[in-house]
Every structure is written in C-alpha cells, then in structure tokens.
1. Just to be sure before I move on: is B:Val172 assigned to a helix (DSSP H, G or I) and touching a Pro at 6+ places or on another chain (Cβ under 9 Å) in the structure I sent?
2. What number goes with the only condition from (1) more than 10 Å from chain B (Cβ to nearest Cβ); (2) surrounded by fewer than 18 Cβ atoms within 10 Å (Cβ to Cβ) that A:Leu97 does not pass?
3. Condition check: within 23 Å of B:Lys181 (Cβ to Cβ), out of contact with any Pro (no Cβ under 9 Å at 6 or more places or on another chain), in a loop (DSSP other than H, G, I, E, B) and not hydrophobic (A, V, I, L, M, F, W, C). Does B:Thr250 satisfy that?
4. Check off (1) of a type in the set (Gly, Ala, Ser); (2) surrounded by 17 or more Cβ atoms within 10 Å (Cβ to Cβ); (3) in a loop (DSSP other than H, G, I, E, B) for A:Gly67 and give me the number that stays unchecked.
5. Of the residues that sit in segment A:86-100 and are in a loop (DSSP other than H, G, I, E, B) and not acidic (Asp, Glu), which one is farthest from B:Glu182 (Cα to Cα)?
6. Take the residues of segment A:65-80 that are more than 8 Å from chain B (Cβ to nearest Cβ) and closer than 16 Å to A:Thr187 by Cα: which is farthest from the chain's Cα centre (by Cα)?
7. State whether the residues of segment A:125-141 include one that is under 30 Å from A:Ala37 (Cβ atoms) and within 11 Å of chain B (Cβ to nearest Cβ).
Amino acid sequence: MLKIENINVSYGEVQVLHNVSLDVEEGEIVALIGANAAGKTTTIKTISGLLKPTAGKITFNGTNIAGLSTSKIVELGIVQVPEGRLLFPEMSVLENLELGAYTPQARKVRHETIKTVFQLFPILEKRSQQLAGSLSGGEQQMCALGRGLMAKPKLLMVDETSLGLSPIMAKTVFESIKQINKTVGMTILLVEQNVHWSLRLAGRCFVLENGKVVLNGPSKELKENPHLQKAYLGM
Amino acid sequence: MEFLKQRGKSFPMVAFFAVMIILSFIIKNGFYQHIFILTLFYAGMSSAWNIVGGYAGQLSLGHAAYMGIGAYTATLLYLKMGVSPWIGIIAAIIIAAAVSALISYPSFKLHGTFFAMSTLAFGEVMRIIANYWRGLTNGSVGLSIPFKPSLAHLMFEERVGYVYFAMIFLAVVLVISSRIKESRAGYYLNAIRENEIAARSLGINTSLYKLYASVISASLAAVGGVFYAFYILYIDPSGLMDSAISIQFTLMAIIGGLGTLWGPVVGAILIIPLSEFMRAWLGGVGQGLHLVIYGLIMVVVVIVSPGGLINGYKVIIRKIKKIKA
C-alpha cells in the first residue's frame with residue numbers, strides 16, 4: 001500500500017534520513033521505533049508532505065506522492081495524527097472532529113464517521129461541547145485520533161501517541177489503536193518510543209537509528225533480536 | 001456547520017446600527033460629527049484588518065498601504081479622467097486585491113514575527129513609492145480634490161452624508177466578516193490561527209485560505225481608502241500610508257478583541273473619541289499626552305483582559321450566569 005524506497009531528507013544542510021526504506025501493507029499495523037532524534041517524526045512528516053525528500057521514491061497505492069502538497073496527500077488517503085496532539089484548544093471537541101473531515105469525500109459521510117468515532121471513544125461524545133483544551137491528556141489523544149479518523153483515511157499515521165501520558169492512559173490509547181485496526185480495518189503506521197507496546201501492537205516493526213533503518217521484520221522475530229533487547233528493552 | 005445556531009445572530013447587528021442611526025440625528029455639532037465619522041471609519045478599517053489579522057491570525061502591519069492604494073486609485077481616476085468615485089471603488093478593489101495576492105504569495109511562507117515584519121516593509125515600500133512617483137501621485141505635496149458636492153462625486157454638502165456613508169462602509173465590512181466567520185472557511189481560518197501545522201496535517205489548504213482572507217481584507221481596506229480621500233479631500237503619502245496608521249488598525253482590534261466580530265468596533269469606539277477629545281482638550285498644553293494614555297489603555301487591557309475588552313465582557317457574563325444557576 002505504502003512503499004518508501006531509499007529516501008534522503010535534510011533540514012537545510014543537515015541530512016537527517018539516509019536511504020530509509022519501509023513498506024506498509026493494507027490492514028496491518030506497522031511500527032516505526034527508535035530513540036529520540038532517530039528520524040521517526042521526520043519520516044512521517046515526509047510521507048505526509050510537510051517535508052520533501054531530496055532523493056528516493058514514495059508511492060501510495062501505486063501513485064508517486066513524494067513532493068505532493070499535504071492537502072493532496074490527505075485527499076489520497078494518508079492522514080497524520082501529529083505528535084503532541086496539536087488540537088485546536090479554543091474549539092469544542094465536536095468542532096475539532098468536524099475540522100478533520102476536510103476533503104469533499106470525507107465531508108459527505110461525516111455524520112456516519114462521527115458515530116463511529118463516538119463508538120470507539122464514548123468519552124468524546126460526553127465531552128463533545130467542551131473546549132478541547134480542557135480535556136485531559138488521554139482524552140486529547142483520543143480526540144486527535146478521532147479527528148484523524150474523520151478524514152476517512154486509508155492509512156493513519158500516529159506519531160508518539162503515548163507522549164506525556166501516564167502508563168494507564170497510554171495503555172488505554174494503545175488499546176484503542178488496536179480497536180481501530182480491528183473494527184474499521186484501518187491500516188496504521190505507528191511511530192513510537194515505547195518499544196514494548198509497539199512490539200505487542202504491530203505485526204511488523206522498523207527500527208531507526210541515526211536516520212537509518214537498522215532492523216526490520218515481524219515483531220515476533222524482533223523480540224528475540226539481541227541488539228533490540230539490549231538497546232531498547234534493557235534485557 | 002450544523003451545530004451553529006443561526007437564530008438571533010443578526011440581532012446585535014440590527015440593534016447596533018439602530019443606535020448609530022439615532023446618534024446621527026442627535027449629533028449636530030461639526031466636531032462631534034467628525035469624531036463620529038472617524039470612529040465609524042476606523043471601526044470599519046480595523047474590522048477589515050481583523051479578517052486577516054484576527055480570523056487568520058496573520059499579523060499584518062501594512063494595511064495602510066491598501067488604504068493608500070484605494071485612495072490614490074479613486075482620486076487619480078477622478079482628477080485625471082473624471083471617473084466617478086463609485087467606479088473608483090471597483091477599480092480600487094481590483095488593484096488592492098491583485099496587489100495583496102501578489103504580496104501574500106511570498107510573505108505567507110514566513111511565520112509569526114517574520115510575516116509581520118515583511119508586511120511592515122511592504123507598507124513602507126508602498127509609502128515611499130507614493131512619495132517618489134511624483135508624476136503620478138504629486139509626491140509629498142499630495143493631491144487635493146476640489147469640493148463639488150453631489151452623490152455621484154461622493155461628496156456631501158452636509159457632514160451627515162459622510163456619517164451615512166461611513167455607516168454603510170462599516171455595515172458592509174461587518175456583514176462580510178460575520179459571513180466569513182460563520183462559514184466553513186471561517187473554521188479553517190480559525191484552525192490555521194490556532195495551529196497552522198495541525199491544520200495542514202488535516203489537509204487544509206492553508207495557503208489558499210490565508211490568501212482568501214488577505215484578498216478580502218485588502219479589498220475592504222481599499223474601499224475605506226476611497227471614502228477617506230473623498231471625506232478629507234486631500235491625500236498625501238505620509239498622512240495616508242504611514243505605518244503608524246497600520247498599527248492603529250491593529251491596536252484597535254487587539255484592545256477590543258482580536259478575531260471577534262465586534263472587537264475592532266469596540267476598540268474604535270473607545271480609542272477614537274478618546275484620542276480626538278484629548279487632542280482637542282489638551283491641545284498645546286500636553287502635546288503627545290494622548291499617546292501616553294493610549295499606551296496605558298493598551299497595557300491595562302493586555303494585563304486585565306488579554307483577549308480584549310469583548311472577551312472580558314464574555315467572562316463577566318459567564319460568571320453572572322454561573323451565580324444565577
């Protein structure tokens with residue numbers, strides 16, 4: 001579904017990604033894991049069009065999307081739930097969700113999508129008239145996920161969803177991501193520092209270090225990998 | 001969007017203009033009429049600025065340039081070719097819209113302070129052009145319009161004619177503003193103001209909506225410029241396109257309530273009469289004192305009610321409702 005081949009990405013003079021390749025197939029959860037400054041966020045910012053690769057190819061369902069504008073890429077069906085949630089704090093939860101349905105196709109079916117979102121996250125229905133800024137961290141994350149779903153994506157990219165959440169809240173959010181994948185059949189690209197959860201949720205993982213993919217494969221196999229165990233799981 | 005309650009929305013607008021019309025009958029003194037006209041005019045200009053500065057959150061400090069473009073376009077057409085200022089208004093809108101589209105494209109790539117500085121530079125460049133393009137604008141000597149009162153010339157024997165014209169200008173700006181605010185585009189602009197990256201990541205075409213806000217805002221400011229020229233009957237670059245004037249549009253909106261429909265109007269109603277009265281009363285004794293008081297108001301508002309006077313009022317209403325409930 002999504003295929004990235006040997007992309008290089010730079011911020012000005014500094015090259016951050018070196019020959020990064022990864023792929024995501026329809027219906028699966030794929031995790032992109034790595035430490036701070038490994039290039040995870042850069043990778044998905046490049047996929048969603050906020051950054052342009054200097055070399056390499058990104059194709060989505062056969063279309064080359066490298067260099068397209070963000071709004072075009074969203075139209076094609078790739079939506080990012082950005083790191084730090086980035087809700088519109090002075091707008092209500094409902095308004096935040098509605099803003100997610102930007103493309104004409106998504107706008108047409110937004111009433112049904114909102115119902116699905118409320119089924120996944122009943123708390124959002126309760127809070128729908130509240131200002132998004134007044135929600136707790138976990139609720140805000142749910143609102144951000146819900147807003148992402150409102151765009152009717154084919155691929156949902158979730159950046160650092162557990163950032164700043166208590167372990168219990170993080171668990172709830174991770175479980176809801178699994179729920180989204182199961183009930184709606186949503187393809188998800190998860191970007192995480194929490195390696196434990198990533199290995200549990202995702203079928204396959206890519207490990208980024210210093211802007212390079214150093215490991216990849218099915219989560220079950222990676223769990224046994226000595227480098228991963230030592231560097232990320234403290235074993 | 002369906003959750004918007006449409007009912008009762010136009011009531012404040014109708015009530016406000018009813019009061020303004022009543023005032024226009026009460027105020028007969030020439031000095032007070034002048035203040036009244038200036039207040040309506042600045043309320044309109046600040047509301048026009050608010051579309052790009054408030055709704056879209058792009059702090060433009062060059063709006064006097066659009067006012068200047070409007071004033072010079074209509075004045076030159078009138079003086080050199082005898083074109084009625086009514087047609088001049090249309091020409092002013094077209095030119096201001098084109099200039100703002102041209103200037104927005106590169107400057108919207110900048111963010112925050114850098115955007116504000118680029119608009120400040122744009123305003124100054126336009127003023128300097130007006131100053132040195134003597135063949136067209138008569139430079140710093142300025143252009144004066146001979147007073148030939150008639151509706152076709154947009155000049156009125158009685159000052160009250162200008163009162164009504166300023167009122168219509170403000171009404172048009174407010175109606176367009178409220179339409180934008182309540183439209184889907186208004187929500188997108190709001191999203192852009194709150195968090196541009198988040199808005200982009202949702203697929204909102206942020207450049208397009210910012211451009212839209214900027215073009216509408218500039219066009220309305222140009223209409224204000226035409227009015228100004230045919231009221232004062234004299235235009236010159238420093239009186240019309242000084243950056244201090246741009247900043248005044250901005251300050252009124254900030255004091256009243258940035259990004260709210262009525263904020264700029266409230267700001268103008270407070271600031272204009274105050275500074276005009278003080279200028280008249282203090283006169284030679286306290287030269288520049290009105291600016292000190294102006295500054296004090298700004299400081300007090302920012303500390304006490306950072307969202308502007310309108311938001312302070314909303315907070316009080318909310319508290320009263322809580323006590324009642």
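The values are calculated or read from the model by the stated rules, or taken from the named source; none is laboratory data. Keep in mind the model is a prediction, meaning the values are calculated, not measured. So basically every Cβ, Gly included, is an ideal-geometry build from the backbone, and we count neighbours across all protein chains shown.
1. On the way: assigned to a helix (DSSP H, G or I): yes; touching a Pro at 6+ places or on another chain (Cβ under 9 Å): no.
Here the answer is no, as B:Val172 does not meet what is asked.
2. Against the list (1) more than 10 Å from chain B (Cβ to nearest Cβ); (2) surrounded by fewer than 18 Cβ atoms within 10 Å (Cβ to Cβ), A:Leu97 comes up short only on (2).
3. Working: within 23 Å of B:Lys181 (Cβ to Cβ): yes; out of contact with any Pro (no Cβ under 9 Å at 6 or more places or on another chain): yes; in a loop (DSSP other than H, G, I, E, B): no; not hydrophobic (A, V, I, L, M, F, W, C): yes.
Taking the combined requirement at face value, the residue does not satisfy it.
4. (2)
5. Our first condition is that a residue be in a loop (DSSP other than H, G, I, E, B); within segment A:86-100, this holds for A:86-91.
Imposing the further condition that a residue be not acidic (Asp, Glu) reduces the set to A:86-89, A:91.
Values: A:Leu86: 23, A:Leu87: 20, A:Phe88: 17, A:Pro89: 18, A:Met91: 14 Å.
Top of the filtered list is A:Leu86.
6. A:Leu76
7. Quick first cut of segment A:125-141, residues under 30 Å from A:Ala37 (Cβ atoms) only: A:132-133, A:135-141.
With the extra rule that they be within 11 Å of chain B (Cβ to nearest Cβ), the set shrinks to A:132-133.
For segment A:125-141, residues under 30 Å from A:Ala37 (Cβ atoms) and within 11 Å of chain B (Cβ to nearest Cβ): present.
Conditions tested, residue by residue: (1) over 30 Å from B:Ala191 (Cβ atoms); (2) of a type in the set (D, E, K, R); (3) modelled with pLDDT of 90 or more; (4) touching an Asp or Glu at 6+ places or on another chain (Cβ under 6 Å).
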residue	(1), (2), (3), (4)
B:Lys9	no, yes, no, no
B:Ile22	yes, no, yes, no
B:Phe25	yes, no, yes, no
B:Gln33	yes, no, yes, no
B:Asn50	no, no, yes, no
B:Met81	yes, no, yes, no
